[in-house]
Number of protein chains: 2
Amino acid sequence: MRIAVDVLGGDHAPDEILKGVAEALLTGEFAADELLLVGPRPIMEQQLGELGVESLPHLLHTEQVIEGHEKPVEGLRSKPEASIVLCVGAVREKKADGLIAFGNTGATVAAATMGLGMLPGIRRPGIAVVLHGRQGPFTLLDAGANPAPKPNHLFQYGLMGASFASDVLGIEQPRVALLNIGGEAGKGSPLLKEAYALLQEAPVQFNGNIEGNHLFFGEADVVVADGFAGNMVLKVVEGFAEYLTGRATEASRDAGEGLRNTIRQLFGAADYAEVGGASLLGVNGTVLIGHGRSKASAVLPALRAVRKDIEKGVNRHITERIAESQGNSASTSA
Amino acid sequence: MRIAVDVLGGDHAPDEILKGVAEALLTGEFAADELLLVGPRPIMEQQLGELGVESLPHLLHTEQVIEGHEKPVEGLRSKPEASIVLCVGAVREKKADGLIAFGNTGATVAAATMGLGMLPGIRRPGIAVVLHGRQGPFTLLDAGANPAPKPNHLFQYGLMGASFASDVLGIEQPRVALLNIGGEAGKGSPLLKEAYALLQEAPVQFNGNIEGNHLFFGEADVVVADGFAGNMVLKVVEGFAEYLTGRATEASRDAGEGLRNTIRQLFGAADYAEVGGASLLGVNGTVLIGHGRSKASAVLPALRAVRKDIEKGVNRHITERIAESQGNSASTSA
């Protein structure tokens, strides 16, 4: 197995990404042959050498990067050699089995969608993030790939999320719920009402709507959201956690430390920036999107996460489940 | 000044509402003549008597209530004597200057909108909640009155929110921002793009988009949101705070206490249930919506909040500001 790493994307690239890569190699968790680094060759060689890496991974040279503030489609058009484009190309050409990227999320989604295409039957990709609640981990998707989805996209997110939760979180019968502003059936926008009706017929255990205040209390293993709401929720939680940790630390060091421990459980790390990342589901390849603020400590978790997605056969199972649902039901015809 | 109190709405009605009313009277903060209680007369008389209230407030008898799970419009149709309807009627007939209600939020919004009408020039009501961030209090609106707004509604929320923040939070030049999933102009749905353009021309200090992760860091005094996103954000914050407090308390009593103090600052109370409530802006009357989970301790803060809205002339200033904006600009013609 080989994983492509976008060395140029992200607020702390390339230094922190390379530090993280060095850690992955020096701990022996990943062999040099298992990584393909995409970025400026001289910098990669020099920095990895300085970090004590003797056997270099595969290197693919580029100096172009789509910055965080650039518009994805314009960036892709003007920078054909952008690091994310070459990473996606490596997966498409089977030089890598998956990729991790910490840069412009929109550009990663667009590059992967255009460069890899969709899995058979899937209409739109969705970003799946893992959060931790009272009963353990759960998946929220879509966290922002598709901010204006159609009902059928949400239906497919339910199926994709269920596959993901089974494979990656080890939940045999994931309970799927729809993020909404009311608990009862018939609540919310026309989009959510239609998605509710489709999910009721879906070959998953659909538990109906879930409201934001119930999110962390273990009532669902898969929370289906439109990309606007999902992104909003994720960012609010992130910012609120950061705010509370800061305030609690001001109040007392113990309180701050206690809260940081809680958040470590929540995000699987002491800081949001240390989380491995989010899986881009639905594209015909394995793509892990890390947070732009990621530092070195996020790289190894991201590599582990993408390896797990590949080893567990997430994409194969999604494809099977979608095919089954299309065999069983007319609900995907929309 | 007299305030109507819906004694029957809410999860802990009527007992906790009456306990809170007794507190307001016994502390001398409100005189008997300043309150009009709407609910079952025998229960109100008996319980207030048992709580030591000698001089009873005005009482308006009813036994009908729209329960939390009822559909607002159906509830209003089938229960013409519902407590919320009589509260609104008292304000319309000038028997009260404002009201507080802890019951079905949708029913309160609908009853107030139909029973009081809108302030001149206002298209839709919005729920304004006050949250506390790093730089102090800020207002989020709409928190759920209008889940599918038009751009002009968001424009008006910007103006209403600025008036509210000036009057109630004492902020002279409130900085208004639009809740979105991207920071730059041109981000988000067509709704948000159009609202952005209108707010740029509005007679307020408009600072552009704000993302959820920046919400608590003091960058805006008024955060304009569509009711779906605003409600989602509020509920996620509420649930996340509850979850974190629980987890932190498990980790250590000190950590839990520290966090509870932080949240006390955030919501202006130790618990969300103790917050006074949210102001329903835009209707032709002063309406405070309390949380359905409110206990006795939420009643006095709610009474104080509605009194402040009235004394500060929030509705008069909103009307003036809207009139000015209509004189100045064609942007409200939509």
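Structure data summary
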{"read-out": "Selected residue (only one of B:37, B:99 is crowded, with 21+ Cβ neighbours inside 10 Å, assigned to a strand (DSSP E or B), among the aliphatic types (A, V, I, L, M) and within 19 Å of the chain's Cα centre (by Cα))", "value": "B:99"}
{"read-out": "Any hit, the range B:150-159, residues being under 16 Å from residue B:288 (Cα atoms) and assigned by TED's automatic domain parsing to the domain that holds residue B:188", "value": "no"}
{"read-out": "Residues within the range A:58-69 that are under 20 Å from the mean Cα position of the chain (by Cα), free of Cβ contacts under 8 Å to residues at least 60 places away in the same chain and surrounded by fewer than 24 Cβ atoms within 10 Å (Cβ to Cβ), tallied", "value": "2"}
{"read-out": "The one condition in (1) in a helix (DSSP H, G or I); (2) aliphatic (A, V, I, L, M); (3) more than 7 Å from chain B (Cβ to nearest Cβ); (4) touching a strand residue (DSSP E or B) at 6+ places or on another chain (Cβ under 9 Å) that residue A:197 fails to fulfil", "value": "(4)"}
{"read-out": "Residue within the range B:129-139 that is farther than 26 Å from residue A:190 by Cα and in a loop (DSSP other than H, G, I, E, B) present", "value": "yes"}
{"read-out": "Per-region count, the range B:1-12, residues surrounded by fewer than 20 Cβ atoms within 10 Å (Cβ to Cβ) and of a type in the set (A, V, I, L, M)", "value": "1"}
{"read-out": "Within the range A:160-176, tally of residues that are surrounded by 20 or more Cβ atoms within 10 Å (Cβ to Cβ) and either without any contact (Cβ under 8 Å) to a residue 12 or more places away in the chain or in contact with a Leu (Cβ under 9 Å, 6 or more places away or on another chain) (or both)", "value": "5"}
{"read-out": "Per-region count, the range A:200-232, residues in a loop (DSSP other than H, G, I, E, B) and more than 25 Å from residue B:192 (Cα to Cα)", "value": "11"}
{"read-out": "Search result, residues across the range B:87-96 that are surrounded by fewer than 24 Cβ atoms within 10 Å (Cβ to Cβ) and either free of Cβ contacts under 8 Å to residues at least 40 places away in the same chain or touching a Ser or Thr at 6+ places or on another chain (Cβ under 8 Å) (or both)", "value": "B:89, B:93, B:94"}
{"read-out": "Top-ranked residue in the range A:70-86 [being crowded, with 20+ Cβ neighbours inside 10 Å and of a type in the set (A, V, I, L, M); ranked as nearest to residue A:10 (Cα to Cα)]", "value": "A:84"}
{"read-out": "Scope the range A:234-251; condition charged (D, E, K, R), more than 23 Å from the chain's Cα centre (by Cα) and facing another protein chain (nearest Cβ under 7 Å); matching residues", "value": "A:247"}
{"read-out": "Residues located in the range A:55-73, provided they are in a loop (DSSP other than H, G, I, E, B) and either within 14 Å of chain B (Cβ to nearest Cβ) or at pLDDT below 95 (or both)", "value": "A:67, A:68, A:69, A:70, A:71"}
{"read-out": "Residues of the range A:243-260 satisfying the condition of being modelled with pLDDT under 75 and surrounded by 17 or more Cβ atoms within 10 Å (Cβ to Cβ)", "value": "A:248, A:251, A:254, A:255, A:256, A:257, A:258, A:259, A:260"}
{"read-out": "Residue A:52 at pLDDT 95 or above and part of a helix (DSSP H, G or I)", "value": "no"}
{"read-out": "Checking residue B:193 against (1) more than 29 Å from residue B:286 (Cβ to Cβ); (2) in contact with a helix residue (DSSP H, G or I) (Cβ under 6 Å, 6 or more places away or on another chain), the condition it does not meet", "value": "(2)"}
{"read-out": "Test for residue B:201: is it touching a residue at least 60 places away in the same chain (Cβ under 8 Å), surrounded by fewer than 20 Cβ atoms within 10 Å (Cβ to Cβ) and among the acidic types (Asp, Glu)", "value": "yes"}
{"read-out": "Verdict on residue A:226 being closer than 29 Å to residue B:187 by Cα, of a type in the set (Asp, Glu) and surrounded by 23 or more Cβ atoms within 10 Å (Cβ to Cβ)", "value": "yes"}
{"read-out": "The range B:130-142 - residue that is surrounded by fewer than 24 Cβ atoms within 10 Å (Cβ to Cβ) and within 16 Å of the chain's Cα centre (by Cα) and, of those, nearest to residue B:220 (Cα to Cα)", "value": "B:137"}
{"read-out": "Residues located in the range B:150-173, provided they are over 17 Å from residue B:279 (Cα atoms) and part of a helix (DSSP H, G or I)", "value": "B:151, B:152, B:155"}
{"read-out": "From the options B:177, B:107, B:143, B:112, residue that is among the small types (Gly, Ala, Ser), in the same structural domain as residue B:83 (by TED's automatic domain parsing) and in contact with a strand residue (DSSP E or B) (Cβ under 6 Å, 6 or more places away or on another chain)", "value": "B:112"}
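To keep it simple, each residue is scored yes or no on (1) farther than 29 Å from residue B:306 by Cβ; (2) at pLDDT 95 or above; (3) within 14 Å of chain A (Cβ to nearest Cβ); (4) over 22 Å from the mean Cα position of the chain (by Cα).
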site: B:177; (1), (2), (3), (4): no, yes, yes, no
site: B:189; (1), (2), (3), (4): yes, no, yes, yes
site: B:205; (1), (2), (3), (4): no, yes, no, yes
site: B:213; (1), (2), (3), (4): yes, no, yes, yes
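The values are calculated or read from the model by the stated rules, or taken from the named source; none is laboratory data. These numbers come from a predicted model, not from an experiment. For neighbour counting, all protein chains shown are included, and Cβ atoms are generated from backbone atoms with ideal geometry for every residue, glycine included.
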